[in-house]
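The values are calculated or read from the model by the stated rules, or taken from the named source; none is laboratory data. Not measured: the values here are computed from a predicted model. Cβ coordinates were reconstructed from backbone atoms using ideal geometry, including for glycine residues, and neighbour counts include every protein chain displayed. Protein only, heavy atoms only, side chains kept; ligands, DNA and RNA dropped before computing areas. Shrake-Rupley method; radii C 1.70, N 1.55, O 1.52, S 1.80 Å.
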Amino acid sequence: MTRIAALLAVLAAAFALFYAFSRTPPPSPSSAPAAAFSAGRAMRDIEVMGATAHPVGSPANAAVRDYLVRRMTELGLSPRVQSDEAIRSAAFGGEPWVSGSHVENVIGLLPGRNPALPALALMAHHDSVPGSPGAADDTTGVADALETVRAIEASGRPLRDVMVVITDGEEAGLLGATAFFADDPAAKRVGFVINLETRGGGGRAQMFETGPGNGAAVDLFRRTTAMASANSLSVFVYKQLPNDTDYTVAKAAGIPGLNFAFIGRQFDYHSPSSTVAALDQGSVQQMGEEILGPTRALADEPTLPAKTADAVYGNLVGDFIVAYPPWAGWILLAAIAGLIAWAVVRARRAEELRWLDLIQGPGLTLLFLAAAALALHLVRRLTGIGVGWIEGRALLARFPLYEVAMAFAGVAAALLTLFARALGETRVATALVAIAAALAASAFGGLDATALVEGAIVLVLGFLMLGRGSDFTGGWLGLLVVGLLLALALQILAPTTAFVVAWPLGAASIIAHLVAPTQKAPPWLRWTCALALMILTAAWTGGLMHSLLQAMDVPELPALPVWLAALALWPLLWPRPGSRAASMTLAVFALAGALGISLWLHFTSPWTARHPRVAEPLYVLDQNDGHAWRVSPFEPDPWTSAMLTADGGKVRRVNFPTFSKPVWAAPAGAATVPAPAIDVTRAVDGTINVKAVTDPRTTLHLDLKSDAVITGGTADGKPVPMLTEPGKWTHFIWRASSGLTVSFKPLGRGTLDVRYAAFTPAWPAGAKPLPAMPSDLMGWDLAGSSVAIGAMRSTW
């Protein structure tokens, strides 16, 4: 029982430490010293700019623009507005997507003592997505930029110019940043960028992206920041993701920089619930304090950080960041290898290690990871909450409970796996548990192929690994050797990520020596140091688990930090004779807690006035056949069902042009909606022109497909990739504009298919009004819009 009590104490202390390190600070009041960052002062701007949704091109966004001009004038930044037509293209699913809009960037300048030096740019965006006030994304970024430049100015005139670049149209496809770096002369003076973003409504901001060759920039950040949160794993992972921010444009232009965002309270991301009242003001404060030091240092340094080798870095304890060049990782791994080799030699001399246990380390590791993955997957599945951003909101509404359930599942998986390995002859029991877990995952939502595969892996590995028992030392050293091999592989393939395994592995290797009975130091001293290292390692891996749990639809990812924590907690997790009943009892309680919470999440409603479910009612009029529809992209709840059937129609699934998937729709009474005028003409030189004239309030989705090879594709006169392959669609999304003209020259005869959907943010005056929404329901994105759809074909 002493071991179990120690394990519970270590886990409790680790959680307390993790919680203390992950909390945001109290916001500083408006009366804070002038040279300090104050969330109280920043909130004044957030309260004005984040009062209502303000997407690009909207009157509300124009009001935010005007407010920014006034605020920058008050700060002495001599603001100006860059008004431009911006176009940006990308490829998704093998097809071109082209976005365009009129944008209005607001650019201010705090003059430095030496204007000949490259300027530092503080960047954020002032537009929101439709339907969301965007008090976090990115009103907080804008307000933090303004408060930061105010604090710098209060400290005296900086050495170099500090630009404040508040872009427009970021949510529409990085359009404001594209316009600034392509067309504004001031962009050529920018030598470094600090970009501020958010992806939620709270939590600690992290410096999650850098430019290439970040060693010197990371060193400056580490030396000058406060309340820091950053690691090189996030930089590596972000490079692999399709996500973009305004810094993506600057980075493509070769400009170094640091990118910051907080991602807690993701329920509020791009949501109507992203209000001033819901915003964590501690996040405003922490992000501000994190960027103020580096911004001030960059503004006063005579030279900007040079490109050097990418650094390996991360928070070791709290705000303390360790950083070193990749080559130093080899020295760290050599030291860890020496510790493990020493432990192996000592164990062999004491006759505590069988070579077979060491050789079976990879098999035990795979069994551990598979069992943890299956347990985590089962918990996620039993919540009954579907996969996808909208579906996952039911989980985000009660995310802390979900985290607790997953932590319980990890503890249960670790205890049960080690219990089975220690006891031996548990193959049948392990197989039954694996089969039961895999089948249980299929109890809700139909056959779960992932759980069946994971269960089969556990079953096979169990039969291979659990035919006989193992001892404490052999099993532990086997896993440490595997950890070393994994760290070596990462050091070779992706050196900036190797620390994720190397740091907890190093702690576990030290613990292995501290608890060895052959050590001559007093036991109380050795175990005090070992327990302290266990607490720190469990807290650190808990932070990693917290980050990985943000990927709700890949619940197996936290199996890695569970395994890494087990390397350090092995002396407390291993079921020694005399305490095996206590180990099994704790494992059962942990598993019951995980399953109980997941089932509670399944069978109780998450929706409240603070965390409402979403609805997106649309009125769709088909310009080709005159049919009108009441539409919902989301599965109908009672309110949505009443909305859909308000005109007496029957609900069914319908495919509409340009919509990404079938929607729920019912016939509606006739009404008039704003519709684009689409005209396809052929010029004397053979050029095909597709001209769409729209209401400036309208967001136009225009898709084109041709069976001909084309050349010279342009959108509003600017070259864009389009119709790159015969038979494939090119997708245009145009906002805040009176229309769009697409031109291209076909090489020979052909046809052009055109389809469109024009979204206007207003319910038709002639349609039956929408019913009032209850307090636990909110309109999402384009809710309440009128949509004109149509299709046509042209031949030449």
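Couple of notes before you dig in:
- A simple spin-label model places pseudo-atoms 7 Å from Cα toward Cβ; at ARG427 and ARG652 they are separated by 5.7 nm.
- Cα-based Rg and Dmax for segment 51-152, where Dmax is the largest Cα-Cα distance (Å): 15.7, 49
- Cα gyration tensor category, rounded, prolate or oblate, for segment 200-248 with a/c compared to 1.5: oblate
- Applying the Karplus relation 6.51 cos²θ - 1.76 cosθ + 1.60 with θ = phi - 60° to segment 141-151 yields 3J(HN,Hα) values of x, 5, 5, 5, 5, 5, 5, 5, 5, 5, 5 Hz, where x marks Gly and Pro.
- ALA9-ASP753 pseudo-label distance in nm [points 7 Å out on the Cα-to-Cβ vector]: 7.0 nm
- Helix-only [θ]222 nm of the chain, DSSP H runs n ≥ 4, -39500 (n - 2.57) each, per residue, nearest 500: -14000 deg cm²/dmol
- Candidates per chymotrypsin sites (Phe, Trp or Tyr not before Pro) in segment 424-493, loop by DSSP, up to 15 other Cβ within 10 Å: PHE444
- Here the accessible area is traced with a 1.4 Å probe on the protein chains. For the chain, carbon and sulfur cover 64 percent of it.
- Extension gain (nm, one decimal) between ALA449 and SER31, 0.36 nm per residue minus Cα-Cα: 144.6 nm
- Highest mean first, the peptides 292-301, 607-616, 560-569 sorted by other C-beta atoms within 10 Å per residue fall in the order 560-569, 292-301, 607-616.
- Rg over Rh, two decimals, segment 582-631 (C-alpha only, Kirkwood Rh): 1.49
- Using the Cβ-Cβ distance between TYR324 and LEU159 with R0 set to 22 Å, the FRET efficiency works out to roughly 0.15.
- The Cβ shell under 14 Å around ALA62 holds other residues with a net charge of 0, Lys and Arg each +1, Asp and Glu each -1.
- Positive contributions from Lys and Arg (+1) and negative ones from Asp and Glu (-1), summed over other residues with Cβ under 12 Å from the Cβ of VAL663, come out at +2.
- Length-normalised contact order of the chain in % [C-alpha pairs under 8 Å, at least 6 apart]: 13 percent
- Measuring between alpha carbons in the structure, the pairs from LYS251/LYS718; LYS691/LYS768; LYS661/LYS768 lying more than 31 angstrom apart are LYS691/LYS768.
- Taking the square roots of 5 times each eigenvalue of the Cα gyration tensor of the chain, largest first, gives ellipsoid semi-axes of 50, 34, 25 Å.
- Heavy atoms of ARG682 accessible to a 1.4 Å probe, total area in Å² rounded to 10: 150 Å²
- Partner aspartates and glutamates for LYS745 [C-alpha distance under 20 Å; skip if fewer than 8 residues away on the same chain]: GLU95, ASP679, ASP685, ASP703, ASP707, ASP716, GLU725, ASP753
- Helix 39-49 and the longest principal axis of the Cα set of the chain meet at an angle near 40°.
- Take the Cβ atoms of ALA671 and THR608, set R0 to 35 Å, and the FRET efficiency comes out at 0.55.
- More than 23 Å apart - percent of Cα-Cα pairs taken over segment 382-540: 58 percent
- Charged neighbours of LYS718, selected by a Cβ distance under 15 Å, balance to -3 (K, R count +1; D, E count -1).
- Derived scalar couplings between HN and Hα for segment 422-432 equal 5, 6, x, 6, 10, 5, 5, 4, 4, 4, 5 Hz in order, rounded to whole Hz, by the Karplus curve 6.51 cos²θ - 1.76 cosθ + 1.60 (θ = phi - 60°), x for Gly and Pro.
- Cα-based radius of gyration of segment 280-426 once divided by 2.2 N^0.38 Å, which approximates compact folds: 1.59
- Additional length obtainable on full extension of the chain from ALA306 to ILE390, 0.36 nm per residue less Cα span: 26.0 nm
- Rounded if a/c under 1.5, otherwise prolate or oblate - segment 452-570, Cα gyration tensor axes: oblate
- For the pair LEU439 and LEU356, a Förster radius of 51 Å applied to the C-beta separation gives a FRET efficiency near 0.95, rounded to the nearest 0.05.
- Computed extension length for ARG682-ARG223: 159.0 nm, one decimal, from 0.36 nm per residue of separation with the Cα-Cα distance subtracted.
- Rolling a 1.4 angstrom probe over the protein heavy atoms with all chains in place gives the chain an accessible area of 39 Å² per residue.
- Farthest toward positive dipole pole in the chain [+1 Lys/Arg, -1 Asp/Glu at C-beta], among LEU146, GLN285, PHE732: GLN285
- DSSP beta bridge pairing in the chain, given as percent antiparallel to the nearest 5: 70 percent
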